[in-house]
Amino acid sequence: MPERSRARLGQLVGPFLGLLGVSALFAALVPDTFLSIYNFQTVAAQTVIVGLGALGMTFVIVSGGIDLSVGSLIALSSVVTALALRHDWSPVAASLAGVASGALAGLVNGVLITRLRVVPFIVTLGSMGIARGLAKYLAEEQKIDAPAAWLAGVMAKTPEPAWLSMAWGTWLMFGLALVMGFVLRRTVFGVHTYAIGSNEATARLCGIQVPRVKVAIYTLSGLFAGLAGVMQFARLTVGDPTTAIGKELDIIAAVVIGGTSLSGGTGGISGSLIGAFLMSVLADGCTLTGVPNYVQEIVIGAIIILAVAVDRWRQRRPSA
């Protein structure tokens, strides 16, 4: 096996063993409920929001950036989708409007980062507040009830037809993960993303249009946040401007736990998806065993620190 492939496989081993270990722990503690088919369907559906957000966030972090606005963009997108449905837009048109609102906000993030040359942390921290405030303004600080039509079934844990086994949203997440994995690994855009994250100055010298690629990356992150917002609307069947508070941290955590380096240059989609499932299994297992929510937050925080520490150790190892 080529060395590069072995390195990628090695990055996935840790998160995958972590997922297996956590699953085995809860399977031993509450076997009847944790190992039920309905619980697997629940975990799969619960992973969709974080999983979709992680697809875009993986590109951002691989490029050496960060996007703190995704949680607010999810709320904004859910509100836009609900408003469109309330004004008699079709579910498809309303969904596209929700996704477009996220992509537009991501585009603005990218332009501000590249044109103003302000670090992504500051720009996306500001846009996090702006998007949340805009969502509250559009919704008049109320939840928006709207006729969800067939969108209500997209996130159903027991889908129709039954042979699908998992929610439509889960299959959509898997399909998009395959596509984005190919884009990141096999296309020029993906190669440029890795190059910018590894060494931005060198990438410029090699002729890569760094600003253009960065704008595309943040637009992509906003697009997936918008899609996650549509899925959030489908799950709740209301547009809620206060939803997904703190979700950006869950999404970043899933990407980091999945082996993507916060320093940029390394990582992949499959690891991020494993990280998203690991977090869902943790949340589900803690709920089933009656573990308080604060313990879950402590455990996730500890896992993030461990994942970053392991990443630092890997980076130092070749020079040791």
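The values are calculated or read from the model by the stated rules, or taken from the named source; none is laboratory data. This structure is a prediction, so every number in the text was calculated from the model and none was measured. Positions of Cβ are generated from backbone atoms using ideal geometry, with glycine treated the same way; all protein chains shown enter the neighbour counts. What goes into the accessible areas is simple: the full protein's heavy atoms, side chains included, and nothing from ligands, DNA or RNA. Shrake-Rupley method; radii C 1.70, N 1.55, O 1.52, S 1.80 Å.
Quickly rank 94-101, 182-189 as a protection proxy: mean count of other C-beta atoms within 10 Å, highest first.
94-101, 182-189
Using the charge dipole of the chain (Lys, Arg: +1 at Cβ; Asp, Glu: -1 at Cβ; taken about the Cα centre), state which of PHE189, VAL256, MET231 has its Cα farthest towards the positive end.
PHE189
So, for the chain, what is the accessible surface per residue at a probe of 1.4 Å, expressed in square angstrom?
Normalised by residue count, the accessible surface of the chain is 47 Å².
Taking all protein chains as present, what is the carbon and sulfur share of the accessible area of segment 220-320, in % to the nearest whole number, probe 1.4 Å?
Ligands and nucleic acids excluded, carbon and sulfur give 65 percent.
Leaving out ligands, DNA and RNA, and with a 1.4 Å probe, what % of the accessible surface on segment 56-141 is carbon or sulfur?
That share works out to 68 percent.
I'd like the FRET efficiency for ILE130 and ALA93, computed as 1/(1 + (r/R0)^6) with the beta carbon distance as r and R0 of 35 Å, rounded to 0.05.
That gives a FRET efficiency of 0.90.
By the scheme Lys and Arg +1, Asp and Glu -1, what is the net charge of all other residues having a beta-carbon under 15 Å from that of PRO211?
+4
Rounded to the nearest 500, what is the chain's calculated 222 nm mean residue ellipticity when only DSSP H runs of at least 4 contribute -39500 (n - 2.57) each, over all residues?
Helix contribution divided over all residues of the chain: -25000 deg cm²/dmol.
Restricting to Cα atoms and excluding each atom paired with itself, what does the Kirkwood estimate give for segment 62-102 in Å?
10.8 Å
On the principal axes of its Cα set, how long, how wide and how thick is segment 213-284? Give whole Å, largest value first.
Between the extreme Cα coordinates on each principal axis of segment 213-284 lie 38, 34, 18 Å.
Taking the alpha carbon gyration tensor of segment 77-189, what are the square roots of 5 times its eigenvalues, largest first, to the nearest whole Å?
Those come to 29, 24, 11 Å.
Stick to Cα atoms and the Kirkwood definition of Rh, then tell me Rg/Rh for segment 105-247.
When Rh is taken as the Kirkwood radius, the ratio is 1.05.
Taking the Cα atoms of segment 1-150, report the difference between the largest and smallest coordinate on each principal axis, in whole Å and largest first.
That gives 48, 43, 26 Å along the principal axes, largest extent first.
With only alpha-carbon atoms counted, please give the Rg and Dmax of segment 101-148, in Å.
13.4, 43
Relative to 2.2 N^0.38 Å, what does the C-alpha radius of gyration of segment 246-320 come to as a ratio? Two decimals please.
Normalised Rg, Cα atoms only: 1.19.
Name all residues of segment 266-298 having a backbone nitrogen under 17 Å from the label point set 7 Å from the Cα of ALA28 along its Cα→Cβ direction, giving them as ranges.
Answer for this model: 282, 285-286, 289.
Using alpha carbons only, how many angstrom separate the centre of segment 64-87 from the centre of segment 128-173?
Computed from Cα coordinates, the inter-centre distance equals 11 Å.
Compute the length gained on full extension between VAL191 and LYS143: take 0.36 nm times their separation in residues and subtract their Cα-Cα distance, giving the result in nm to one decimal.
Computed gain between VAL191 and LYS143 is 13.1 nm.
Could you state, as a whole-number percent, how many of the C-alpha pairs of segment 6-94 are farther apart than 20 Å?
61 percent
Could you calculate, for segment 186-226, the ratio of the Cα radius of gyration to the Kirkwood radius, expressed as Rg to Rh?
Checking Rg against Rh, the ratio lands at 1.01.
Dipole size in debye (nearest 20) for segment 236-320 around its Cα centre, Lys and Arg Cβ +1, Asp and Glu Cβ -1?
My answer is approximately 500 debye.
Just need log10 I(q)/I(0) for the chain at q = 0.11 Å⁻¹, Debye formula, equal scatterers on the alpha-carbon atoms, no solvent, rounded to two decimals.
-0.68
What net charge is computed for the residues neighbouring PHE189, neighbours being all others with C-beta under 15 Å from the C-beta of PHE189, Lys and Arg scored +1, Asp and Glu -1?
+4
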